[in-house]
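*Asks:* This is the structure I want to talk about, given as structure tokens.
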Amino acid sequence: MKAFTYERATSVEGAVTAAQAPGARFIAGGTNLLDLMKLEIETPTHLIDVGRLPMAEIVETPDGGLRIGASASNTAVASNATVRARYPVLSEAIVAGGSPQLRNKASVGGNLLQRTRCAYFYDTSKPCNKRAPGSGCGALEGLNRNAAIFGASHACIATHTSDMAVALAALGASVEVVGAGGTHSIPLLELHRLPGETPHIETHLAGGELITAVVLPPPPKGGQTYRKVRDRASYAGGLASVAVAGGQVALGMVAHKPWRAAEAEGALASGASPAEAIGKELAGASSLGRNDFKIPLVARLAAAAITEAKEQGQ
Amino acid sequence: MSSVSDWEATANPVKDNRAGLIGKGVDRYEGPLKVTGTAPYAYEVQPPSPPAYGVMVGATIATGRIIAVDTAEAEAAPGVLAVWTHLNVPAQPPRGAKAHPRSTQGSKPALESDKVTYWGQPVAFVVADTLENATAASHLVKLTYDADTPDVNFAKRLSDAGQPPGEQDVEIGNFDEGFANSPVRLDETWATPLQNHCQMEPCASLAWWEGDRCIAHTSIQMVKPAQHGLAETLGIGRDDVHLLTRYIGGGFGGKGQTYDDLTLAALAARALGRPVKVAFTRQQMMHGTIHRPATVMRVRLGAEKDGRLNAFSIMTWTHCHKDGSFTEHASNFARALYAAPNRLTGHRLVRLDLPHAGPMRAPGEASGTMSLECAMDELAEKLGLDPVELRIRNEPPADPENGRPFSQRQLVRCLKEGAQLFGWDRRRPTPGQVRDGRWLVGMGMAAAIRGNFLLPAKCSFSVDADGVITVRQGMTDIGTGTYTVLAQIAAETLGVPLGKVVVEIGDSELPPAPGSGGQFGAATAGSAALAAGMNLRKAIAEMATSDPHSPLHAGDPAEVTFQDSVIALENRSETLADLIRRNAPEGLTVEGEIRPAQDAQKWSTQTYGGHFVEVGVDPVTGEVRVRRMLGVFAAGRILNAKTAKSQLTGGMIWGVGSALGEGNAVDPRYGSLINQDLAQYLVPVQADIGDLDAIMLDEVDDKANPMGIKGVGELGNSGAGAAVANAIYNACGVRVRDYPITPDKLLAGLIAQGR
């Protein structure tokens, strides 16, 4: 780990101002960033601790939605009574990720900005365009069993591994962002980018912008469910996941961002069966050999989850 | 030399077990230290002065040469005290050199040359004032390589594999003929991946010098070879190395040898005149230490219609390092398992540009049972027989390879009792018949076998004026319970409470023992301890009966009893402390030793077990969850029900890992393993293990050693993974013969079945 300076922010404005300095990074729970710093995958020179800013509140909004402060812990969100009653898919998704220790420490904002678990990203002796732009993609012709099936590029085939973000995508959440130019809101689906030629640029956040909250609209009508497939029962990134909230469907670990299955939703709305609907979505998927299985896996998993949510909603 | 019949005929305090301490599930001797974080592991030992921190740099090629070295930037980095490569490392004797002909290990020079023979090989070393500075500077060392194309593709090199050095296939009868003439035949191939030990404590060393003596704390399973090897590498006398390994966070075979952390810590401490610590990172452990090599195993079984095996063969292909000869003997265990007149077993080895292969918990059995015990399951189905019954029908009356009688063999009892306790009769022989919610549920079983060994060892016992017994032995406790069982043997032998026993192990200055490995530790170290304890009893009894001030004076020393810290003869007694205070106020020390019996080879001595597993398979996703697991084992007298059970259940969990998740994938472009941390190398977590139990049958194997005990450290691992695989098949009807059985592989089978 390289030497760095540290400050504990006392206000959102102060944090955002401090973040304009080159080499500065926000830190909250640090469950991902500290690992990356130890491996020198990330080498910030200055850390701004936003974990203790007063933005951990979870409050209902006037329109019947929910505003979740960005520094709320993953555990606090998953165990929140309103979340459990009205947004169970979010609670289920959060507890499907990490371990209890990680969820106690990890923040909502940090969870959204966690970085991929691609082995070539973690191994600093291998090429990775995300870690070292221009070095190439070690995974493209490598051991890429868990690579993306949607929206990948020749520069990067990594996936976004947040479980929480998949549920938020299905629920139509947006994030509240504060930057030098003031406060604005970004739909969650527009927060993360596809890799294109610049996989090291992962979000549409401008430099120094801080996520202060996640805002959920009122829950859609119908059942909700989250299903995740992983190689072991806990503490493992997913091979694929699906979040269903009424007629809204999002897929996880299949792309560089949480993937809202718009094609499938459209088909469902016009009366297609769950299997037919997800088939429409997967018509746009492509795989590389080792990750071929993800296409039938998603087909089966999503059909089962959509059916389950439908039954719940009846 | 002693004979097995002496052991059988002679009573001793462990057999008598008057205080009932033998077998009792007493808590770990060092448990409070470990759970309070106060057991100093090698890296945490407090040195006499502030240490410097060494960090190793691993090669980023698998094979080739270092053609240029630039350490200027690293040397100029903050806090850096030394930067070494092959160009400037202190001189060390050539590899394997022995200045002392009887050294158990030769020189193992670090940063030996410009030659790189595996990815991650330590090729540079940085020492700095802090770990952070050393780590940061280690990234500034610039090495230029002339890399060759790595030859690491095991699957593509199978046809080049030859017989391991000095080995031949073992054939009894005529396998080909027997197989061809068998009415029911099975011929299938299984593959197991390269695996890493993933001990909780990575390898680590701390060294300092006191004049010309090197004091080295390290994490190692065997003390003497480590001491000798370090002395030879440093070019000093063996007695000038004091090697200590008090607490060890897991070994599993991976710490059966030293690595460059120890050599470099000692060399740097000498060069810098201050203590130096060096540890492997978790990532460095994957390449930089040994691994269990991958195997491909072809099993052929030919049976009569009643299930009796007529022909049996297991052939194993495996790999080792280009300069090595380690062979994963995955076929050997099968030689003692089932009867069959026509038998063929053997191994093929191919050398690759991969890191060094070596032993890992239950070497041989762990991989081998993953094929044979599944083959038996498949054969049982072909025959329409219950898998338990098939094994019973092939139970041999004597060792089927060499005809030796079994010292003890309760395999059938393990299988029968396990089947009953588990509810095996509820298993449906046809797969895919049982559902619980979205899960298909199935049961599987497998047999377990592992050899038993006794090696030469010494031990000393002391008693002091407070009546405290101190056990001293150059033995190790790698988390197995060695401290605890030695304390139990001492307390039982001398008739004192456990609180009056001190155990000192893990030190090269103590009477030598072979250490921990091959599940020989408890039997070997414990038998030496019993011998030392018997000698101390004799010395105390003679002291008492010849002391005119003792109430026991003039009695027969052979009749003296030891109980509750009191020595007695009929109705005359005094405390042990009183006797020692009068006669040996500075304490009394005696040694004892154990050697294998001269006739031990007349018997086939093994440990046995039966595994029973219930799994759920999600037919939609191919996910597998272990629901319950039972192992029933027969392994001689059990010294400690708690630590032995922990060893056995730990081994069973390893089996779950091998079946479902563990394995390092090799990227052939680099000659490198890709998953290098515990988030990517998947060992089971708590949620993967359902209801888990291990039962130990009452057994005494007096032919094994004077205590009638046998090892359990590896037995639990033998067969456990196969039982999981068989349960998966019973649940969903898919056989995956390429481990681990991950959802992608199972899904392909489920889809092919139309599920």
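The values are calculated or read from the model by the stated rules, or taken from the named source; none is laboratory data. Every value quoted in this text rests on a predicted model; they were computed, and no experiment measured them. Please note: Cβ atoms are built from the backbone with ideal geometry, for glycine as well, and neighbour counts cover all protein chains shown.
*Asks:* Tell me, yes or no, whether the stretch B:275-282 has at least one residue that is farther than 29 Å from B:Gln195 by Cβ and either buried (at least 22 other Cβ atoms within 10 Å of the Cβ) or in contact with a strand residue (DSSP E or B) (Cβ under 7 Å, 6 or more places away or on another chain) (or both). Before you say what the answer is, go through the steps one by one.
*Replies:* Going through the stretch B:275-282, the residues farther than 29 Å from B:Gln195 by Cβ turn out to be B:275-276.
Those still in the list that are either buried (at least 22 other Cβ atoms within 10 Å of the Cβ) or in contact with a strand residue (DSSP E or B) (Cβ under 7 Å, 6 or more places away or on another chain) (or both) too: B:275-276.
Yes, the stretch B:275-282 has at least one match.
*Asks:* Considering the stretch B:451-483 alone, what residues qualify as being β-branched (Val, Ile, Thr), assigned to a loop (DSSP other than H, G, I, E, B) and over 17 Å from B:Val712 (Cβ atoms)? Give the steps one after another, and end with the answer.
*Replies:* Let us first name the residues in the stretch B:451-483 that are β-branched (Val, Ile, Thr), namely B:463, B:468-471, B:476, B:478, B:480, B:482.
Still in the running and assigned to a loop (DSSP other than H, G, I, E, B): B:468, B:476, B:478, B:480.
Of everything in the stretch B:451-483, just one residue is β-branched (Val, Ile, Thr), assigned to a loop (DSSP other than H, G, I, E, B) and over 17 Å from B:Val712 (Cβ atoms), namely B:Val468.
*Asks:* Another question, if that's okay. Condition (residue is of a type in the set (S, T, N, Q) and not in a loop (DSSP other than H, G, I, E, B)) applied to the stretch B:548-560: is it met by at least one residue? Give the steps one after another, and end with the answer.
*Replies:* Start the filter on the stretch B:548-560 by keeping residues that are of a type in the set (S, T, N, Q), which leaves B:550.
Narrowing further to those that are not in a loop (DSSP other than H, G, I, E, B): none.
There is no residue in the stretch B:548-560 that is of a type in the set (S, T, N, Q) and not in a loop (DSSP other than H, G, I, E, B).
*Asks:* Now, a different point. Could you tell me which numbered condition B:Met360 fails, if it satisfies all but one of (1) in the same structural domain as B:Ile449 (by TED's automatic domain parsing); (2) assigned to a loop (DSSP other than H, G, I, E, B); (3) surrounded by 24 or more Cβ atoms within 10 Å (Cβ to Cβ)?
*Replies:* The one condition B:Met360 does not meet is (1).
*Asks:* Sticking with this structure for a sec: So A:Arg8 clears everything in (1) touching a residue at least 24 places away in the same chain (Cβ under 8 Å); (2) assigned by TED's automatic domain parsing to the domain that holds A:His256 except one condition, right? Which one?
*Replies:* (2)
*Asks:* Condition first: among the hydroxyl-bearing types (Ser, Thr, Tyr), touching a helix residue (DSSP H, G or I) at 6+ places or on another chain (Cβ under 8 Å), closer than 30 Å to B:Leu234 by Cα and not in a loop (DSSP other than H, G, I, E, B). Can you find one or more residues in the stretch B:105-127 that meet it?
*Replies:* Step one: list which residues in the stretch B:105-127 are among the hydroxyl-bearing types (Ser, Thr, Tyr), which gives B:107, B:113, B:117-118.
Those still in the list that are touching a helix residue (DSSP H, G or I) at 6+ places or on another chain (Cβ under 8 Å) too: B:107, B:118.
Those left that are additionally closer than 30 Å to B:Leu234 by Cα: B:107, B:118.
Still in the running and not in a loop (DSSP other than H, G, I, E, B): none.
No, the stretch B:105-127 contains no residue that is among the hydroxyl-bearing types (Ser, Thr, Tyr), touching a helix residue (DSSP H, G or I) at 6+ places or on another chain (Cβ under 8 Å), closer than 30 Å to B:Leu234 by Cα and not in a loop (DSSP other than H, G, I, E, B).
*Asks:* In the stretch B:417-472, what residues are at negative phi, surrounded by fewer than 17 Cβ atoms within 10 Å (Cβ to Cβ) and within 14 Å of chain A (Cβ to nearest Cβ)?
*Replies:* Answer for the stretch B:417-472, where residues must be at negative phi, surrounded by fewer than 17 Cβ atoms within 10 Å (Cβ to Cβ) and within 14 Å of chain A (Cβ to nearest Cβ): just B:Arg438.
*Asks:* Kindly list the number of the only condition in (1) within 14 Å of B:Arg450 (Cα to Cα); (2) more than 24 Å from the chain's Cα centre (by Cα) that fails for B:Glu381.
*Replies:* Among (1) within 14 Å of B:Arg450 (Cα to Cα); (2) more than 24 Å from the chain's Cα centre (by Cα), B:Glu381 violates only (1).
*Asks:* Any idea how many residues of the stretch A:111-120 are surrounded by 24 or more Cβ atoms within 10 Å (Cβ to Cβ) and over 13 Å from A:Glu202 (Cα atoms)?
*Replies:* 4
*Asks:* In a strand (DSSP E or B), of a type outside the set (Lys, Arg) and crowded, with 17+ Cβ neighbours inside 10 Å: does that describe B:Ala136?
*Replies:* Working: in a strand (DSSP E or B): no; of a type outside the set (Lys, Arg): yes; crowded, with 17+ Cβ neighbours inside 10 Å: yes.
The answer is no for B:Ala136.
*Asks:* Please return the ranges of helices (runs of 4 or more DSSP H) entirely within the stretch A:1-116 where 3 or more residues are of a type outside the set (A, V, I, L, M) and either within 14 Å of chain B (Cβ to nearest Cβ) or out of contact with any helix residue (DSSP H, G or I) (no Cβ under 6 Å at 6 or more places or on another chain) (or both). Outline the logic, then answer.
*Replies:* Values: elements: A:12-18, A:33-38, A:74-78, A:81-86, A:88-95, A:100-105, A:108-112.
So the answer is A:12-18, A:100-105.
*Asks:* Still on this structure, I have one more. Looking at B:Pro202, B:Pro225, can you tell me which residue is part of a loop (DSSP other than H, G, I, E, B), within 26 Å of the chain's Cα centre (by Cα) and not hydrophobic (A, V, I, L, M, F, W, C)? Lay out the reasoning, then the answer.
*Replies:* Values: B:Pro225 fails: part of a loop (DSSP other than H, G, I, E, B).
Just a single option satisfies the conditions, and that option is B:Pro202.
*Asks:* While we're here: Output the residues belonging to the stretch A:133-148 that are assigned to a loop (DSSP other than H, G, I, E, B), within 22 Å of the chain's Cα centre (by Cα) and either free of Cβ contacts under 8 Å to residues at least 12 places away in the same chain or surrounded by 24 or more Cβ atoms within 10 Å (Cβ to Cβ) (or both).
*Replies:* Matches in the stretch A:133-148: A:Ala139, A:Asn146, A:Ala147, A:Ala148.
*Asks:* Right, next: Counting just the residues of the stretch B:28-72 that are in contact with a helix residue (DSSP H, G or I) (Cβ under 7 Å, 6 or more places away or on another chain) and within 30 Å of B:Asn705 (Cα to Cα), which one comes out surrounded by the fewest Cβ atoms within 10 Å (Cβ to Cβ)? I'd like the intermediate steps shown before the answer.
*Replies:* The first filter runs over the stretch B:28-72 and keeps only residues in contact with a helix residue (DSSP H, G or I) (Cβ under 7 Å, 6 or more places away or on another chain), leaving B:28-30, B:39, B:52-58.
Of the ones still in play, those that are also within 30 Å of B:Asn705 (Cα to Cα) are B:28-30.
On the way: B:Arg28: 19, B:Tyr29: 21, B:Glu30: 21.
So the residue we want is B:Arg28.
*Asks:* Would it be correct to say that B:Thr545 is farther than 30 Å from B:Arg409 by Cα, touching a strand residue (DSSP E or B) at 6+ places or on another chain (Cβ under 6 Å) and among the β-branched types (Val, Ile, Thr)?
*Replies:* Against the criterion (farther than 30 Å from B:Arg409 by Cα, touching a strand residue (DSSP E or B) at 6+ places or on another chain (Cβ under 6 Å) and among the β-branched types (Val, Ile, Thr)), B:Thr545 does not qualify.
*Asks:* Of A:Thr61, A:Thr116, A:Thr82, A:Thr75, which residue is within 17 Å of the chain's Cα centre (by Cα), over 30 Å from A:Gln20 (Cβ atoms) and of a type in the set (Val, Ile, Thr)? If you could, list the steps in order and put the result at the bottom.
*Replies:* Working: A:Thr61 fails: within 17 Å of the chain's Cα centre (by Cα); A:Thr116 fails: over 30 Å from A:Gln20 (Cβ atoms); A:Thr82 fails: within 17 Å of the chain's Cα centre (by Cα).
Exactly one residue qualifies, and that residue is A:Thr75.
*Asks:* Still on this structure, I have one more. Within the group B:His319, B:His291, which residue is in contact with a Lys or Arg (Cβ under 8 Å, 6 or more places away or on another chain) and touching a residue at least 12 places away in the same chain (Cβ under 8 Å)? Spell out the reasoning first.
*Replies:* Numbers: B:His291 fails: in contact with a Lys or Arg (Cβ under 8 Å, 6 or more places away or on another chain).
The conditions single out B:His319.
*Asks:* Can you find even one residue in the stretch A:280-303 that is outside any helix (DSSP H, G or I) and closer than 19 Å to A:Thr225 by Cα? Don't jump to the end; show me each part of the working.
*Replies:* Of the stretch A:280-303, the ones outside any helix (DSSP H, G or I) are A:283-293.
This time we only want the ones that are closer than 19 Å to A:Thr225 by Cα, so: none.
No - not one qualifying residue is present in the stretch A:280-303.
*Asks:* Here are some residues: A:Gly222, A:Gly196, A:Gly181. Which one is touching a residue at least 12 places away in the same chain (Cβ under 8 Å), more than 14 Å from chain B (Cβ to nearest Cβ), in contact with a helix residue (DSSP H, G or I) (Cβ under 6 Å, 6 or more places away or on another chain) and surrounded by fewer than 17 Cβ atoms within 10 Å (Cβ to Cβ)?
*Replies:* Details: A:Gly196 fails: in contact with a helix residue (DSSP H, G or I) (Cβ under 6 Å, 6 or more places away or on another chain); A:Gly181 fails: in contact with a helix residue (DSSP H, G or I) (Cβ under 6 Å, 6 or more places away or on another chain).
Of the residues listed, the single one that is touching a residue at least 12 places away in the same chain (Cβ under 8 Å), more than 14 Å from chain B (Cβ to nearest Cβ), in contact with a helix residue (DSSP H, G or I) (Cβ under 6 Å, 6 or more places away or on another chain) and surrounded by fewer than 17 Cβ atoms within 10 Å (Cβ to Cβ) is A:Gly222.
*Asks:* Select from the stretch A:117-134 the residues that are more than 14 Å from chain B (Cβ to nearest Cβ) and not small (Gly, Ala, Ser) and write down the one among them that is farthest from A:Ala78 (Cα to Cα).
*Replies:* Here is the first cut: in the stretch A:117-134, the ones more than 14 Å from chain B (Cβ to nearest Cβ) are A:129-130, A:133-134.
This time we only want the ones that are not small (Gly, Ala, Ser), so: A:129-130, A:133.
Numbers: A:Asn129: 34, A:Lys130: 31, A:Pro133: 36 Å.
Among those that are more than 14 Å from chain B (Cβ to nearest Cβ) and not small (Gly, Ala, Ser), it is A:Pro133.
*Asks:* Looking only at the stretch A:279-314, count how many residues are of a type outside the set (Gly, Ala, Ser) and under 21 Å from the mean Cα position of the chain (by Cα). Steps first, answer last, please.
*Replies:* Step one: list which residues in the stretch A:279-314 are of a type outside the set (Gly, Ala, Ser), which gives A:280-282, A:288, A:290-298, A:300-301, A:306-308, A:310-312, A:314.
Restricting the remaining residues to those that are under 21 Å from the mean Cα position of the chain (by Cα) gives A:281-282, A:291, A:294-295, A:297-298, A:301, A:306.
Adding up the residues that qualify gives 9.
*Asks:* Shifting gears a bit: If B:Thr130 satisfies every condition in (1) buried (at least 16 other Cβ atoms within 10 Å of the Cβ); (2) within 25 Å of A:Leu34 (Cβ to Cβ) but one, which is the exception?
*Replies:* The one condition B:Thr130 does not meet is (1).
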